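Only one structure is covered here, and it is reproduced in the block below.
The values are calculated or read from the model by the stated rules, or taken from the named source; none is laboratory data. Every value quoted in this text rests on a predicted model; they were computed, and no experiment measured them. Using ideal geometry, Cβ is built from the backbone for each residue, glycine included, and neighbour counts are taken over all protein chains shown. With ligands, DNA and RNA removed, areas are computed over all heavy atoms of the protein, side chains included. Shrake-Rupley method; radii C 1.70, N 1.55, O 1.52, S 1.80 Å.
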Amino acid sequence: MVRVLATFYFLVFAYIGVLIPWFPPLLAERGLGAAMIGVSLFAIQIPRALLPPAWGLLADRLAQPRGLLAAATVAAGAAFALVGATHRTPLVLALLFAHGLLVVPVFPLAEVFAFRVLGADRERYGRVRAWGSLGFIVTSLGTAPLVDRLGLSVVPWLAGGLLVAAGLLALAFPGGRFAARARRLGAAEALRLVRRLAPLLAVAALGQASHGAYYAFFTIQLVARGWSNTAVGLLWAWAVVCEIGLMSASPLILRRVALSRALALALAAGGVRWLVTALDPAPVALVAAQALHAGSFALLHVATVQLVDRLSPPPAKAFGQSLASAA
């Protein structure tokens, strides 16, 4: 089952490896300016920011949450693929909003299934999650020659297809409720959990928000400066190679470093990374800055999801991870 989980992560993050580096350039090629590119990405993110808690509560109450994960992942992939079939901006925005709505439960439910599969061996989470980072590398690099040969129009179809494949694979996940006892999470208990997680979620939100401009405009900016698609893909992939290294080593690191200290180190790495990137550095300095993705993203993510799992009671595992996803 660990192999199935690792393959699911591979496919879902392979989708992100297509989406993040190559979808903004597609929008730019279609004539959208920076503001509308931001609006388009916002259309995906707004339901992901507002709706995860509702999806999480639903998953905690369902007898078979894997069905929700599979259906949502397939539908999200189909919605994104259809972006390739139209150039009409209102319809594109509607499809992106639908995609964002449907992809909401995918990531928090994947985290809950991961801890469920790993059980007492949850320290191995980082190593399993590293397969997702490998998927990102494969597609961020592999999409570059496809774009050179077929054009950016291939991006929605490829990204959507990867999500559909991940959704079908999710049907192999274990069934049954997440909670040991099939009781509902009460409103008072849910509110207590929100309050307990609030400081952690604020830290996670700020750390992730620092990546926003990078995800939206890094590729566009480098191509405008004369970088080739292949070189840009290599820079994205290098950052995720460093991410994989951190996640693979995370069991050893987190045995020696408290999770709260790990969060502080991750935020410090992010601060240094964005400062260097903002200075329009020489290529070698930009490569070094990209290596800090191991801290600014990987360490932040691993520490956050493990803290959320530790702080969430059994009837609220999906709800807790959905709050983290929203943040």
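Of note:
- Per-region count, the stretch 256-280, residues exposed (fewer than 15 other Cβ atoms within 10 Å of the Cβ) and hydroxyl-bearing (Ser, Thr, Tyr): 1
- Helices (runs of 4 or more DSSP H) contained in the stretch 1-105 and holding at least 2 residues of a type in the set (Gly, Ala, Ser) and either modelled with pLDDT of 90 or more or open to solvent by 10 Å² or more (accessible area, probe 1.4 Å) (or both): 2-29, 34-50, 65-81, 89-103
- One residue from ALA316, ALA239, ALA216 being buried (at least 22 other Cβ atoms within 10 Å of the Cβ), part of a helix (DSSP H, G or I) and either under 17 Å from the mean Cα position of the chain (by Cα) or of a type in the set (D, E, K, R) (or both): ALA239
- Residues in the stretch 281-306 that are more than 21 Å from PRO21 (Cβ to Cβ) and buried (at least 22 other Cβ atoms within 10 Å of the Cβ): LEU299, VAL302, ALA303, THR304, VAL305.
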